[in-house]
Amino acid sequence: MSGTATADPVDTYVRGREFKMLLGGEFVDAEGGRRVEAVDPSTGETVAELPEASRQDVSNAIDAAQHAQTAWKALGVDGRGACFRRFGELLVERREELAMLDAIDSGNPVTAMRIDIDISMPYVTAWPQLARWLAGEMIPATPGNLHYTSFVPYGVVGRITAFNHPVMFAATRPLPALITGNTVVMKPAPQTALSTLGLAELFAEAFPPGVMNVITGGAEPGDALVTDPRIKRIAFTGSVPTGLLIQRRAAESGHVKHLSLEMGGKNAMVVFPDVDVPEVVEGAIFGMNFNVCQGQSCGSNSRVLVHRAIYDEFVEQAATELRNYTVGVAYADGTDMGPLVSAQHRERVRGYLERGVSEGAELVTGGEHPAGAPAGGYYMTPAVFAGVKPRMAIAREEIFGPVMSVLPWDNYDEMIELANGVDLGLTASVWTHDLDLAHRTADRLDAGYVWVNDSTRHYMGTPFGGTKDSGIGREESREELLSYMETKVVHTRLRDPHAAFARMTSL
Ligand code: NAD
């Protein structure tokens, strides 16, 4: 089952390397030398240590970002865009190293992480172009007055990211804040921070000191960032409980803060009986992101609602496909799916497998340690549950792992109720050859992003974000760009031209 490592990328890219935070253009350790271990989930071995920022470190990073902001804003879009260009060049140059850092640190297959870096490039080039074309309004609201709008950056933005797409999040998520004239303090997830610290070297070369700052650690530095009075805008990608806590802590800081929250999904894939089953099985497996991040993806179609006429066929084909998956070392050749991010997270996912079985669902395949994979790694073969009932935990809660729950349906209205009957509303998809039905159904689904005959893909330019508890705001779009600025109106009272001219000629 497991792939074999061709060389030892851990020695090449990680062991013996010093990973430091980036504050004000300087590479620094955490105050008092505080460090946490970085573990390779493919083996369970500690491979490096990284700084664990204190509250004082976070404050220092915000100082640096605040100090740099005025000059950064004054550069204008074109000046800032030139830094983006340099950043893009460096990203291409360092692609292999960054992809390997992700594979070693996160367990995501290196092939997928190379693609994550390639996917990041259009963001680097598109944000400056989009920002170049942003225009305010001249508002003819009242005669004798001139009203126009302008956009003002918040200042320093706090950017907090999740563990599942480490280098892509670090390379792309700060960009809309930066291009609009903000400076950024970014905190990646502690389980997968190595590639962000690698990327810090690129930030240091491409951007003026203090414009991009990287701090590492978990909840403590995250909370320090959220509650600091100088941070007016927080952008968060992560789980619903942490997002709710951030909302509360932001309010408790005693200051008004603008938040965007990109959070979880329990995304319905709706399959009508007219489909080509093998094609839809392929789409479902692709949409689970098994081979990108082991199904640890907010957008995964983890709830597949299949019409009963093709239900058994779908389940059988999906299970057969997934039994052929090669699950093994993330940085080895030929690996389809790597390990889960941590021992703790694998226990959480195993807890859902046990709950599914105890609540009466059938675990058709998966959930095992693959034969031949290193014993210390956090592996789990991809799992398919059949016979899932709407009330079961595996049908309602985000598992964030390689587990696909397949539910049968018979009646259209009941299916819509089922699809919309969870607290999350990030994505959904509709699979049918009947386009009228597809679009009428897309309209009924309560989700921020709905695919027809596709899943999981989203692009710069198409607003991405969720309804209900999945979040606030839309990323990857003009809407996101505007969310990093406040609108200001300038209102000028224009004097009567006769009076103004008379005053001029009487001088
Ligand atoms: P998490 O909520 O545990 O952590 C996310 C980030 O928040 C990390 O950097 C973490 O250190 C930080 N954090 C933790 N406590 C904090 C606090 N008190 N104050 C400030 N920051 C704090 O999430 P995770 O396990 O890293 O990621 C998985 C979750 O992220 C899933 O729910 C997934 O659906 C979601 N996610 C959403 C999207 C999206 O675009 N909608 C994308 C990826 C992941």
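The values are calculated or read from the model by the stated rules, or taken from the named source; none is laboratory data. Because the structure is a prediction, the values reported are computed rather than measured. With ideal geometry, Cβ positions are generated from the backbone for all residues, glycine too; neighbour counts draw on all protein chains shown. Quick note on the areas: whole protein, heavy atoms, side chains included, nothing else; ligands and nucleic acids left out. Shrake-Rupley method; radii C 1.70, N 1.55, O 1.52, S 1.80 Å.
Please give the number of the condition D102 fails out of (1) in contact with a strand residue (DSSP E or B) (Cβ under 7 Å, 6 or more places away or on another chain); (2) among the charged types (D, E, K, R); (3) surrounded by 15 or more Cβ atoms within 10 Å (Cβ to Cβ).
(1)
Which is within 16 Å of the ligand (Cβ to nearest atom) and free of Cβ contacts under 8 Å to residues at least 40 places away in the same chain, of E279, E362, E347? If you could, list the steps in order and put the result at the bottom.
On the way: E279 fails: within 16 Å of the ligand (Cβ to nearest atom); E362 fails: within 16 Å of the ligand (Cβ to nearest atom).
Exactly one residue qualifies, and that residue is E347.
So which pairs qualify, if the first residue must be in the stretch 409-435 and surrounded by fewer than 18 Cβ atoms within 10 Å (Cβ to Cβ), the second must be modelled with pLDDT of 95 or more and of a type outside the set (V, I, T), the Cβ gap must be under 6 Å, and the two must be at least 6 apart or on different chains?
D410/R308; N420/D446; D423/K468; D423/D469; H433/D274
Within the stretch 174-213, which residues are more than 9 Å from the ligand (Cβ to nearest atom) and in contact with a Ser or Thr (Cβ under 6 Å, 6 or more places away or on another chain)? Working first, answer last.
Initially, the stretch 174-213 is screened for residues more than 9 Å from the ligand (Cβ to nearest atom), giving 174-186, 194-213.
Within the stretch 174-213, V211 is the sole residue that qualifies.
Counting only residues that are crowded, with 16+ Cβ neighbours inside 10 Å and touching a residue at least 24 places away in the same chain (Cβ under 8 Å), how many does the stretch 472-507 have? Break it down into steps so the answer makes sense when it comes.
Our first condition is that a residue be crowded, with 16+ Cβ neighbours inside 10 Å; within the stretch 472-507, this holds for 472-477, 480-481, 483-485.
So of that shortlist, the ones also touching a residue at least 24 places away in the same chain (Cβ under 8 Å) come out as 472-476, 480-481, 483-485.
Selection size over the stretch 472-507: 10.
Evaluate the stretch 159-168: report whether one residue or more is among the aliphatic types (A, V, I, L, M), open to solvent by less than 20 Å² (accessible area, probe 1.4 Å) and part of a strand (DSSP E or B).
yes
Any idea which residue in the stretch 287-319 is farthest from the ligand (Cβ to nearest atom), counting only those that are open to solvent by 10 Å² or more (accessible area, probe 1.4 Å) and under 24 Å from G107 (Cα atoms)?
N291
A499: at pLDDT below 95, over 30 Å from V156 (Cα atoms) and either within 16 Å of the ligand (Cβ to nearest atom) or not polar (S, T, N, Q) (or both), yes or no? Reasoning before the result, please.
Values: at pLDDT below 95: yes; over 30 Å from V156 (Cα atoms): yes; either within 16 Å of the ligand (Cβ to nearest atom) or not polar (S, T, N, Q) (or both): yes.
Against the criterion (at pLDDT below 95, over 30 Å from V156 (Cα atoms) and either within 16 Å of the ligand (Cβ to nearest atom) or not polar (S, T, N, Q) (or both)), A499 qualifies.
Which residues, counting only those in the stretch 115-145, are part of a helix (DSSP H, G or I) and open to solvent by 60 Å² or more (accessible area, probe 1.4 Å)? Full working, then the answer.
Kept after step one, since they are part of a helix (DSSP H, G or I), are these residues of the stretch 115-145: 115-132.
Those that are part of a helix (DSSP H, G or I) and open to solvent by 60 Å² or more (accessible area, probe 1.4 Å): I115, D118, I119, P122, T125, Q129, R132.
Being among the acidic types (D, E), open to solvent by 60 Å² or more (accessible area, probe 1.4 Å) and more than 16 Å from the ligand (Cβ to nearest atom) is the filter here; which residues of the stretch 437-471 pass it? Write out each step before concluding.
Taking the stretch 437-471 first, the residues among the acidic types (D, E) are 443, 446, 454, 469.
Adding the requirement that they be open to solvent by 60 Å² or more (accessible area, probe 1.4 Å) leaves 443, 446, 469.
Within the stretch 437-471, D443 is the sole residue that qualifies.
Scan the stretch 235-250 and report the pairs whose first residue is more than 18 Å from P188 (Cβ to Cβ) and open to solvent by less than 10 Å² (accessible area, probe 1.4 Å) and whose second residue is near the ligand (Cβ under 6 Å from one of its atoms) and assigned to a helix (DSSP H, G or I), with Cβ atoms within less than 9 Å and a gap of 6+ or a chain change.
So the pair list comes out as A250/V226.
Does V58 qualify as being modelled with pLDDT of 95 or more, more than 15 Å from M186 (Cβ to Cβ) and buried (at least 17 other Cβ atoms within 10 Å of the Cβ)?
Working: modelled with pLDDT of 95 or more: yes; more than 15 Å from M186 (Cβ to Cβ): no; buried (at least 17 other Cβ atoms within 10 Å of the Cβ): yes.
Taking the combined requirement at face value, the residue does not satisfy it.
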